[in-house]
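Please read the structure below before turning to the comments.
Readers should treat all values here as calculations from the given coordinates under stated rules, not as data from a laboratory. Everything quoted here is computed from the prediction, not taken from an experiment. Heads up, the Cβs are rebuilt from the backbone with ideal geometry, glycines too, and the neighbour counts pull from every protein chain shown.
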């Protein structure tokens, strides 16, 4: 298709535009070191909300002696302009719909994925016209073989389109593009009818991708294909990860010390079963449905944990969160016989890292999986890893911490897995609902054909497609634990609030006492007040009891005091009986003495060093005199023994809000 510069702004029309060398198609595809990651890019395009596909079929067939990988969905299809953007680089206009967020946003997935699988690709698409009255059909070709044959110095995209059964007159390149496809695509031998028959494979609307000239295991033309379609017709095997059974004894001996290859890296069916945390569409391989593996249901002895990362305002806006984003992780034991272990990290429902080894101790962690939704991390452009930034390192450290805690609490079974109860989960091939049934029994015989539907369920309460989806025992337990954890969290919040209120109630009297002490200290500077205190003390007593007499002085030589001295004298002498004193005068004096004793104790607590404990009498009304005398003597002794400490205390006292002497 000719490069159209007329769409450029007027200020740059006529300037050269960037060209893309055909060799870049191969260079770009090398970012996928694993072929299944390339296939996942094509599956993601059907999963994204702009496609709205409910079914996807991945198939293999031979056309004109060539192996062809096909990917067909029943989505909305594309217009000619949308197909052009899909075959170009960097164009992405995907937006989320009703909580369904798109996976791709770089505009490079189809190009890198398809060219990793094979050298050439055809894209057929059907979509209703804008008025809904006519069917728009389009086909485009992205072919390294074609570009090399015509000697193109930039990537050229032949695209032909039809309205119903006639070529679209709005696409001026249709005739030329169709002629080039008939000449350079070996799948149809120049037969236009065979090409048009590919549109019939698509349901009412949708997209069909054909990839041919598939990559081989080596540069030898006679080498086997990288994708093994023959070992299991209901599956596609990655030939680069062959099992030990397919090797000769010498090769098995050479691979003896190597770690076993996970099943998800060998089997496309096993990888697609865990590709999405919550499947939104049905996937088939050569017509056989892929049973999704809901790990949140398969794990036993589950533990649900949360992690709240520290995010900037920009990152919270990207996540559409307002300070309440939490990373959810589920830890538990995998079913018996599952040989792998590690963390499965999902981003926007899509698996990015599978069985990441957080703990490098296979004997301890085998059979234990951690499933986490880490939407705050940023995947790389091929969606097989995350950007290794500080957020990633913090998240890995937190996940490792929770995994170690789980292993310490639960230990590990002797078989390296869980003690499962003999249950398995299957997805109905008709309604897509998950059902729980025994792992062995008559209903499991059809598993060999990988076809199962609700009518085969032995549980009469869930054996029709109209029955609601079943909640498993482990999931129900998890929900109960989540409700219990929420209740405990609410109780903890209430207890914390009550403790805070109690603390305020305890500290408020102390604050009031400190304020009263400040008033007392200020009043002590008045000599007339001291005289009245002495008169009150000498006038107390009406039964002839002998009180204790004590006198102490506190000297201040600190710089803030100016070298002045203060003395505090409390004299408790025997009171002379006064028969003429009325009872009301004695009661008033007793109340004044009680308040004075409390004030003196508060003042002494303020004067003593912080690490000195003030001995409080058991009965403040009767033994406070002796306590006051003892404290005053200790205070005088501390002053004579530690001059430096006294200077610091006096400086602190003089710098407080207490009035100057």
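Some points to look at:
- Among 72-79, 15-22, 102-109, sorting by the average number of other beta carbon atoms lying within 10 angstrom of each residue, highest first, gives 72-79, 102-109, 15-22.
- Among 401-409, 110-118, the order from most to least packed when residues are scored by Cβ within 10 Å on average: 110-118, 401-409
- Compared with the alpha-carbon gap, the fully stretched path from residue 222 to residue 430 is longer by 70.7 nm at 0.36 nm per residue.
- Legend: ranking of residues 192, 210 from fewest to most surrounding C-beta atoms inside 10 Å; resulting order 192, 210.
- Sorted by Cβ density within 10 Å, fewest first, the residues 207, 464: 464, 207
- Potential lengthening between residue 316 and residue 463 on full extension [0.36 nm per residue; Cα-Cα distance subtracted]: 48.5 nm
- Between the alpha-carbon centres of the stretch 348-389 and the stretch 189-241 there is a gap of 30 Å.
- Burial order of peptide ranges 372-380, 126-134, 302-310 (average beta-carbon count within 10 Å, highest first): 372-380, 302-310, 126-134
- Ranked by how many other Cβ atoms sit within 10 Å of their own Cβ, fewest first, the residues 381, 338 fall in the order 381, 338.
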